[in-house]
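Below is one structure, written out as structure tokens; the observations come after it.
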Amino acid sequence: MTTIAELPPGFVDKVLSAQSTFRSVMDAMARPGSVQRIVPMAGTPDTMMRGTAAIALTLFDHDTPLWLDARMSESSDVLKWLKFHTGAPVVPDSSIAAFALIGDGGALPSLERFALGTNEYPDRSTTLIIQVDSLDAGRSFELRGPGIDGVATLLASIKPFDLFERLRFNETLFPRGIDVVLVADDAVVAIPRSTRVMSKGG
Amino acid sequence: MYVAVKGGERAIENAHRLLANARRGDQSVAEVSLDQISEQLGLAVDRVMSEGSLYDRELAALAIKQARGDLIEAIFLVRAFRATLPRFGASEPVDTGAMRVQRRVSSTFKDIPGGQILGPTFDYTHRLLDPSLAQGFVPEAPAVGEASTAPTPRVTDILGRDGLIETSPQAEDGASVGDLTREPLNFPADRDLRLQNLARGDEGFLLAMGYSTQRGYGRNHPFAGEIRFGEVEVEFAAEDVGFAVPLGSIELTECQMVNQFKGSATEAPCFTRGYGLAFGQSERKTMSMALVDRALRARELGEEVGAPAQDEEFVLSHSDNVQATGFVEHLKLPHYVDFQSELGLLRKLRKEFAEASAEANAPDAMKEAAE
Amino acid sequence: MNAPAYNFAYLDEQTKRMIRRAILKAIAIPGYQVPFASREMPMPYGWGTGGVQVTAAILGPQDVLKVIDQGSDDTTNAISIRKFFAKTAGVATTTSTDEATVIQTRHRIPETSLHANQVLVYQVPIPEPLRFLEPRETETRRMHALAEYGLMHVKLYEDIARFGHIATAYAYPVKVNARYVMDPSPTPKFDNPKMDNCPALQLFGAGREKRIYAIPPYTQVVSLDFEDHPFEPYRFNAPCALCAAENSYLDEIVTDDQGSRMFVCSDTDYCEGRQAAGHHGALSAAPYKDKAQEASNG
């Protein structure tokens, strides 16, 4: 049992760390496939990576219902840390979540179970934050779409293996859809719903 | 040599210095104090608190002083300050039935439990300018009577006991109350958000909208069920304490309109309600608000919607005087880039028009010459 | 009295989080207007509160900020907003388009090409491109949902029938990434082509109307037109009288009460840069009046 005093700390400088982390995430979202680094560091509870923790401190609060996968929610430290530092309510229903934290991509539920937004309000969708093994080595992917000058190449080792195939539903759903932020330690890559990803040469 | 205008920064600083002097006026005249504003211009303070949606007499008085008496500017100052305040939560609902009433009138019954209380009102004053007020006026001491201990139930509650008026819909326990300063307004809006919008809304706008319903643009047959003004307690339920903590008391004006009845084959006819609430003594505001609230309920009550006051999107989008004055006054800002664009287009269209006219006339001229 | 104490870049952290979330959604759905809980700012609605909130939410101590209004760094509202951020965030400011990392603008896109490490923040008065065709937001929201933009084409076509041209000179509607019709804010249509495939991120903030939208870098932005009436950017007949630029947007300056006029770059940084680099226009060496007199004497 961890007491609040024993919880890993949040940002040292709340204001400037959140700003710096946001700019990394914003740049990632604006330039899909580009690898952005999260510089400010906070304590990380258990299964949570450094990048994930910084994003949580930057974007989550009372107004953002959170859904955690089994890997994330099995740790009471993660739950306590999130509640103490962000105040975000953890919800069991993934379809009302503003953000979903995925610790084990292999067990990612069907994407239809998250909020996809409506045609009137496509912004009312869940943003998935998925922790992955690597964002600089692994299979090679080609990305096209807004934010990309022609084609971007991403090397990544991710689970689920078919994540990008599953994300193709964004093409037919648009403007509804799911935006994804991939995190590997302090590296971040965003795949907004407007990005088309192809596996390069198997 | 032509040089683009520079020195805007100096100009701004100088303008603001000039403003400070204009605000102070002739310095041989005594400066007005915040106490004087709060005590002697109390209704202006009440309006600034209501539409500024911040209950703080001292800050409202400061805003009025800073704004040189321009109340919309003062409301803006208060709002901008309010936006920076941390938010701890929402208070418990105030009980206006338990109000320590200073004034209370009903137009629907001759006498009501607790009595009609005129209180401090302009009503029945003759609007004759009073030169004795110009200086040194000392009012006669107010008449004092025994404080009444009789309860003063709300007139609508009396009607409600007999089922003659619709029940006020009760929110579910624990349901959150909307706040349009934290979430952008979407349409259609629920009544909590509509009422918040109207409570912050411009008194003049609501007055005109309410008035228009009386003149037939969405008439809803209002009776002033009750207007009451007085003090109520505000309590805050602190999660970690486990009970409601009193925060203090505030002055409120509440107006409940009793309106045109509804009913159907399955529902007994009963009166309907329009509701108005504001900080301080703000009767015109709350009465107007109640008329507009009722008008905006037209769709919910199955009435025909057509009049401006019944048009939710129109009313709620234009009621806020801080938004309205900002956008109207932004026309003062330079627009010469857009204007140049229009000018260029207009010159081109006029040139083409002139050329086309010349062409159209030319064959006629030749024809005439041939004849 | 409750003495005010203000945060870095004025906004409190909760407000910044809310705006930041809206910005991410806006980037993910190019051209879609994301509703956000716009705050009351210490400057009037309609004077740049949306742009100011967006800038405040992204700005950091390492940023270099440029603020322009009508293309100029020295217009009063640009000065006022620049001072606001210099005071509340302590950021470095510049008038150089090239040096800036964040540029807040009203009514213009700089002439100097933007680069990938920049964010252009537009102040937007009316974000809804369909507003003046259909004032109800409930209706326009439905039209965007269905990508039903016939009304806009009808309006543009009626212009052609009446005037022979599309009679929209500024705030000329565009289609972003082949999906959303978007209002570019009241920039002259001269600037529209600069939005297409732009290396910089473009963010739009409408404070009073409570909307944020975005164009990610390298995104297709097409000005609406017809095959037989293609979009034409506005062109000037003469070069800038100060720097001789032939492809910049010009302000018309009335120089006397006889109707004399001169045309100079609206982008003051661009114009000054060209003059410093040795480009001189017809009227840059001598006061206009003297020139005019010379001309009449000669």
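Tell me, please, whether a residue that is at the interface with chain C (Cβ under 10 Å from one of its Cβ atoms), open to solvent by less than 30 Å² (accessible area, probe 1.4 Å) and of a type in the set (A, V, I, L, M, F, W, C) can be found in segment A:46-57. Give the derivation first.
Filtering segment A:46-57 for residues at the interface with chain C (Cβ under 10 Å from one of its Cβ atoms) gives A:57.
If we keep only those that are open to solvent by less than 30 Å² (accessible area, probe 1.4 Å) too, we end up with A:57.
In the following step, the residues that additionally are of a type in the set (A, V, I, L, M, F, W, C) were identified as A:57.
Scanning segment A:46-57 turns up at least one residue that is at the interface with chain C (Cβ under 10 Å from one of its Cβ atoms), open to solvent by less than 30 Å² (accessible area, probe 1.4 Å) and of a type in the set (A, V, I, L, M, F, W, C).
When you check B:F229 against the structure, is it open to solvent by less than 50 Å² (accessible area, probe 1.4 Å) and within 30 Å of C:R211 (Cβ to Cβ), yes or no? Reasoning before the result, please.
Details: open to solvent by less than 50 Å² (accessible area, probe 1.4 Å): yes; within 30 Å of C:R211 (Cβ to Cβ): no.
The answer is no for B:F229.
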Qualifying residues in segment B:108-148 (those that are under 30 Å from B:M257 (Cβ atoms) and of a type in the set (F, W, Y)) - the one surrounded by the fewest Cβ atoms within 10 Å (Cβ to Cβ) = B:Y124
Is one or more of the residues making up segment C:200-210 more than 11 Å from chain B (Cβ to nearest Cβ) and open to solvent by 30 Å² or more (accessible area, probe 1.4 Å)?
-> no
C:E137 passes all but one of (1) away from every other protein chain (no Cβ under 14 Å); (2) acidic (D, E); (3) open to solvent by less than 60 Å² (accessible area, probe 1.4 Å); which number fails?
-> (1)
For segment B:76-86, does any single residue satisfy the condition of being modelled with pLDDT under 95 and either away from chain C (no Cβ under 14 Å) or surrounded by fewer than 10 Cβ atoms within 10 Å (Cβ to Cβ) (or both)?
-> yes
Can you find even one residue in segment C:53-74 that is closer than 15 Å to C:L201 by Cα, within 13 Å of chain B (Cβ to nearest Cβ) and at pLDDT 95 or above?
-> no
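Would you mind stating whether B:A298 is without any contact (Cβ under 8 Å) to a residue 12 or more places away in the chain, among the hydrophobic types (A, V, I, L, M, F, W, C) and more than 8 Å from chain C (Cβ to nearest Cβ)?
Working: without any contact (Cβ under 8 Å) to a residue 12 or more places away in the chain: no; among the hydrophobic types (A, V, I, L, M, F, W, C): yes; more than 8 Å from chain C (Cβ to nearest Cβ): yes.
No: the conditions fail for B:A298.
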Among (1) under 17 Å from the mean Cα position of the chain (by Cα); (2) within 14 Å of another protein chain (Cβ to nearest Cβ); (3) touching a residue at least 60 places away in the same chain (Cβ under 8 Å); (4) open to solvent by 60 Å² or more (accessible area, probe 1.4 Å), B:L43 falls short only on (2)
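What are the residues in segment C:91-100 that are under 23 Å from C:R274 (Cβ atoms) and open to solvent by less than 50 Å² (accessible area, probe 1.4 Å), if any?
Quick first cut of segment C:91-100, residues under 23 Å from C:R274 (Cβ atoms) only: C:93-100.
Listed by number, the residues that qualify are C:T94, C:S96, C:T97, C:A100.
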Residue match in segment A:171-178 (condition: outside any loop (DSSP other than H, G, I, E, B) and either open to solvent by 70 Å² or more (accessible area, probe 1.4 Å) or among the β-branched types (V, I, T) (or both)) | yes
Report, by residue number, each residue of segment B:344-366 that is at the interface with another protein chain (Cβ under 7 Å from one of its Cβ atoms) and of a type outside the set (G, A, S).
-> B:L345, B:L349, B:E352
Do we have any residue at all in segment B:179-197 that's under 24 Å from B:T108 (Cα atoms), away from every other protein chain (no Cβ under 14 Å), modelled with pLDDT of 95 or more and part of a helix (DSSP H, G or I)?
-> yes
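Going through B:F271, B:F229 one at a time, which residue ends up being touching a residue at least 12 places away in the same chain (Cβ under 8 Å), in a strand (DSSP E or B) and farther than 20 Å from B:T96 by Cα?
Details: B:F229 fails: farther than 20 Å from B:T96 by Cα.
The unique qualifying residue is B:F271.
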Quick one: is C:P186 within 9 Å of chain B (Cβ to nearest Cβ), in a loop (DSSP other than H, G, I, E, B), touching a residue at least 40 places away in the same chain (Cβ under 8 Å) and surrounded by fewer than 24 Cβ atoms within 10 Å (Cβ to Cβ)?
-> yes
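Listed here are the residues, each with its yes/no results for (1) assigned to a helix (DSSP H, G or I); (2) β-branched (V, I, T).
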site: C:S80; (1), (2): yes, no
site: C:K83; (1), (2): yes, no
site: C:G90; (1), (2): no, no
site: C:A100; (1), (2): no, no
site: C:T105; (1), (2): no, yes
site: C:I109; (1), (2): no, yes
site: C:T112; (1), (2): no, yes
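For B:D293, indicate whether it is under 26 Å from B:R215 (Cβ atoms), of a type in the set (D, E) and more than 14 Å from every other protein chain (Cβ to nearest Cβ).
yes
Considering each of C:F236, C:F231 in turn, give the residue that is touching a Ser or Thr at 6+ places or on another chain (Cβ under 7 Å) and either part of a loop (DSSP other than H, G, I, E, B) or surrounded by fewer than 18 Cβ atoms within 10 Å (Cβ to Cβ) (or both). I'd like the intermediate steps shown before the answer.
Details: C:F236 fails: touching a Ser or Thr at 6+ places or on another chain (Cβ under 7 Å).
One residue alone meets the criteria, C:F231.
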Kindly indicate whether C:V154 is under 29 Å from A:R196 (Cα atoms) and either open to solvent by less than 40 Å² (accessible area, probe 1.4 Å) or of a type outside the set (F, W, Y) (or both).
-> no
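Please tell me if B:A63 is farther than 30 Å from C:A241 by Cβ, within 12 Å of chain C (Cβ to nearest Cβ) and not β-branched (V, I, T).
Numbers: farther than 30 Å from C:A241 by Cβ: yes; within 12 Å of chain C (Cβ to nearest Cβ): yes; not β-branched (V, I, T): yes.
Criteria met by B:A63.
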When you look at C:T88, is it closer than 21 Å to C:G60 by Cα, open to solvent by less than 10 Å² (accessible area, probe 1.4 Å) and touching a residue at least 40 places away in the same chain (Cβ under 8 Å), yes or no?
-> no
Name the pairs: first residue in segment C:126-147 and under 17 Å from C:N177 (Cβ atoms) and in a helix (DSSP H, G or I), second residue of a type in the set (S, T, N, Q) and modelled with pLDDT of 95 or more, Cβ to Cβ under 6 Å, at least 6 apart or on different chains?
-> C:A145/A:N119
Check whether at least one residue in segment C:158-180 is at the interface with chain B (Cβ under 10 Å from one of its Cβ atoms), buried (at least 18 other Cβ atoms within 10 Å of the Cβ) and of a type in the set (G, A, S), and report yes or no.
-> yes
Any hit, segment C:54-62, residues being part of a loop (DSSP other than H, G, I, E, B) and open to solvent by 30 Å² or more (accessible area, probe 1.4 Å) = yes
Filter result for A:T58 (of a type in the set (S, T, N, Q), in a helix (DSSP H, G or I) and touching a Ser or Thr at 6+ places or on another chain (Cβ under 6 Å)) = yes
Can you find a residue in segment B:307-323 that is out of contact with any strand residue (DSSP E or B) (no Cβ under 8 Å at 6 or more places or on another chain), over 30 Å from C:R208 (Cα atoms) and free of Cβ contacts under 8 Å to residues at least 24 places away in the same chain?
-> no
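Do you know which of the residues in segment B:299-356 that are among the aromatic types (F, W, Y) and more than 17 Å from the chain's Cα centre (by Cα) is most open to solvent (accessible area, probe 1.4 Å)?
As a first pass, look at segment B:299-356 and keep what is among the aromatic types (F, W, Y): B:314, B:327, B:336, B:339, B:353.
Retained after the next criterion (residues that are more than 17 Å from the chain's Cα centre (by Cα)): B:327, B:336, B:339, B:353.
Working: B:F327: 56, B:Y336: 97, B:F339: 129, B:F353: 148 Å².
Result: B:F353.
The values are calculated or read from the model by the stated rules, or taken from the named source; none is laboratory data. Note that this is a predicted model, so its numbers are computed, not measured. So basically every Cβ, Gly included, is an ideal-geometry build from the backbone, and we count neighbours across all protein chains shown. For accessibility, only protein heavy atoms count, side chains too; no ligands or nucleic acids. Shrake-Rupley method; radii C 1.70, N 1.55, O 1.52, S 1.80 Å.
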